[in-house]
Amino acid sequence: MAVSYKKLWKLLIDKNMKKKDLQESANLTQHAMRKLSKDEAVTTDTLAKICRSLDCSVDEIMEVLPENQG
């Protein structure tokens with residue numbers, strides 16, 4: 001299943017945050033950040049941490065793409 005986190009990166013820009021700020025505020029590992037940067041699947045726990053940190057919902061940070069767009 002192909003996913004995209006473009007919405008997350010746009011939200012960070014809108015909130016004037018850097019990836020490192022997100023990593024610290026959501027208590028994410030470097031491995032999780034690397035997977036997000038590569039549009040790879042992450043755990044629901046990781047998504048929940050991000051949503052709590054940014055006060056948003058999952059659909060505001062990611063989208064599931066059709067298989068042929070991955």
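The values are calculated or read from the model by the stated rules, or taken from the named source; none is laboratory data. For clarity, every value in this text was computed on a predicted model and none was experimentally measured. Cβ: placed from backbone, ideal geometry, glycine included. Neighbour counts: every protein chain shown.
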Of the residues in the range 43-65 that are among the polar types (S, T, N, Q) and not in a loop (DSSP other than H, G, I, E, B), the one that is surrounded by the fewest Cβ atoms within 10 Å (Cβ to Cβ) is Thr44
Out of all the residues in the range 15-36, is one or more modelled with pLDDT under 95 and either crowded, with 17+ Cβ neighbours inside 10 Å or β-branched (Val, Ile, Thr) (or both)? no
Taking the range 51-68 and keeping residues aliphatic (A, V, I, L, M) and either more than 12 Å from Leu8 (Cβ to Cβ) or out of contact with any Phe, Trp or Tyr (no Cβ under 9 Å at 6 or more places or on another chain) (or both) leaves Leu54, Val58, Val64, Leu65
Residue pairs qualifying under the 7 Å Cβ cut-off, at least six apart or on distinct chains, with the first in the range 42-62 being without any contact (Cβ under 8 Å) to a residue 60 or more places away in the chain and the second being of a type in the set (Ser, Thr, Tyr) and assigned to a helix (DSSP H, G or I), are Ser53/Ser25
Considering every residue within the range 4-17, establish whether at least one is touching a residue at least 40 places away in the same chain (Cβ under 8 Å), in a loop (DSSP other than H, G, I, E, B) and either under 21 Å from Val64 (Cβ atoms) or touching a Cys at 6+ places or on another chain (Cβ under 7 Å) (or both).
yes
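From the list Val58, Val3, Val42, which residue is in contact with a Gly (Cβ under 9 Å, 6 or more places away or on another chain) and either modelled with pLDDT under 95 or not acidic (Asp, Glu) (or both)?
Val3
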